[in-house]
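Enquirer: Mind looking over this structure? Questions follow.
The values are calculated or read from the model by the stated rules, or taken from the named source; none is laboratory data. Keep in mind that this is a model prediction, so the values were computed, not measured. Cβ coordinates were reconstructed from backbone atoms using ideal geometry, including for glycine residues, and neighbour counts include every protein chain displayed.
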Amino acid sequence: MIYLDTKSGKNTRVTADYLVSCMPLSVLGRVDINLSSEMMQAVRATSYSDSAKLGLAMKRRFWEEDDQIFGGHLYSNLPLGEFSYPSSDYFSRKGVLLGLYSNAGVGDLINQPVKARVEHVLAHASKVHPQVARSSRARTQSGGSASSTAKAGTPPARRFARREQLSRVENRVLIGCAATAPFSEPDWQEGAVARRAGRR
């Protein structure tokens, strides 16, 4: 495998006996990887929920220093879902705010590019904390929970066949995400635990 170190700009080749991929399948489906067409079809057929999170890495903990807020959640009518403050590492130099957490679509946010999503969160969070815009670095990823192992409307027999396909070891590649779990809908952390327990 060859990977790019984004800090140094260097490509590095590494070898291993097996590869366990824990990427969301929405990301894995865009990677050049040695999987059969059947396996890649199963990967790309997995749909993900409209749930969304966005973490805001802050240069300073202004909510503690300026506003005396130590943990908890902000509930409002802003289109941010749940906004949360960290409940640990009080008085440290930096921190991460949960700037957006929604289990349903927030307007058409899911269809927007990452930059637009970040700008949406910064604009609305700044209405409560003006310090957000000048203190933040956003962190994103490309998959929440797998809403099922198939597109909506797929018959149960085909969904289970897809799970079985995704659970196979192929060319020494094992897909380790919760979307392969047999017991979880939606496929999230409990699905990963169920899969691990089921393999013992």
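Enquirer: Restricting attention to strands (runs of 3 or more DSSP E) lying wholly within region 1-119, give those where 2 or more residues are more than 30 Å from Ala161 (Cβ to Cβ) and of a type in the set (Gly, Ala, Ser).
Expert: The strands (runs of 3 or more DSSP E) meeting that bar are 52-58, 95-102.
Enquirer: Also, I was wondering about something else. Which ones in region 53-93 are among the hydrophobic types (A, V, I, L, M, F, W, C) and in contact with a strand residue (DSSP E or B) (Cβ under 7 Å, 6 or more places away or on another chain)?
Expert: Those that are among the hydrophobic types (A, V, I, L, M, F, W, C) and in contact with a strand residue (DSSP E or B) (Cβ under 7 Å, 6 or more places away or on another chain): Leu54, Leu56, Ala57, Met58, Trp63, Ile69, Leu74, Leu80, Phe83.
Enquirer: Would you pick out the residues in region 8-35 that are touching a Cys at 6+ places or on another chain (Cβ under 9 Å) and under 11 Å from Val173 (Cβ atoms)?
Expert: Ser21, Leu28, listed by residue number.
Enquirer: OK, next. State the number of residues belonging to region 83-105 that are more than 16 Å from the chain's Cα centre (by Cα) and either surrounded by fewer than 16 Cβ atoms within 10 Å (Cβ to Cβ) or at pLDDT below 85 (or both).
Expert: Number of matching residues: 8.
Enquirer: For region 73-100, how many residues meet the condition of being farther than 27 Å from Lys115 by Cα and either in contact (Cβ under 8 Å) with a residue 12 or more places away in the chain or among the small types (Gly, Ala, Ser) (or both)?
Expert: Residues meeting the conditions: 5.
Enquirer: Does Val128 satisfy the condition of being outside any loop (DSSP other than H, G, I, E, B), touching a Leu at 6+ places or on another chain (Cβ under 9 Å) and outside the structural domain of Thr180 (by TED's automatic domain parsing)? If you could, list the steps in order and put the result at the bottom.
Expert: Working: outside any loop (DSSP other than H, G, I, E, B): no; touching a Leu at 6+ places or on another chain (Cβ under 9 Å): yes; outside the structural domain of Thr180 (by TED's automatic domain parsing): yes.
Judged against the criteria, Val128 is not a match.
Enquirer: Still on this model: Taking the condition assigned by TED's automatic domain parsing to the domain that holds Asn171, out of contact with any Cys (no Cβ under 7 Å at 6 or more places or on another chain) and charged (D, E, K, R), does Glu38 pass?
Expert: The answer is yes for Glu38.
Enquirer: Looking at region 34-76 only, could you name the residues that are in contact with a helix residue (DSSP H, G or I) (Cβ under 8 Å, 6 or more places away or on another chain) and more than 22 Å from Leu97 (Cα to Cα)?
Expert: Leu35, Glu38, Met39, Ala42, Val43, Arg44, Ala45, Thr46, Tyr48
Enquirer: May I pose another question? Tell me, which residue of region 106-131 that is at pLDDT 75 or above and in contact with a strand residue (DSSP E or B) (Cβ under 7 Å, 6 or more places away or on another chain) is surrounded by the most Cβ atoms within 10 Å (Cβ to Cβ)?
Expert: Val121
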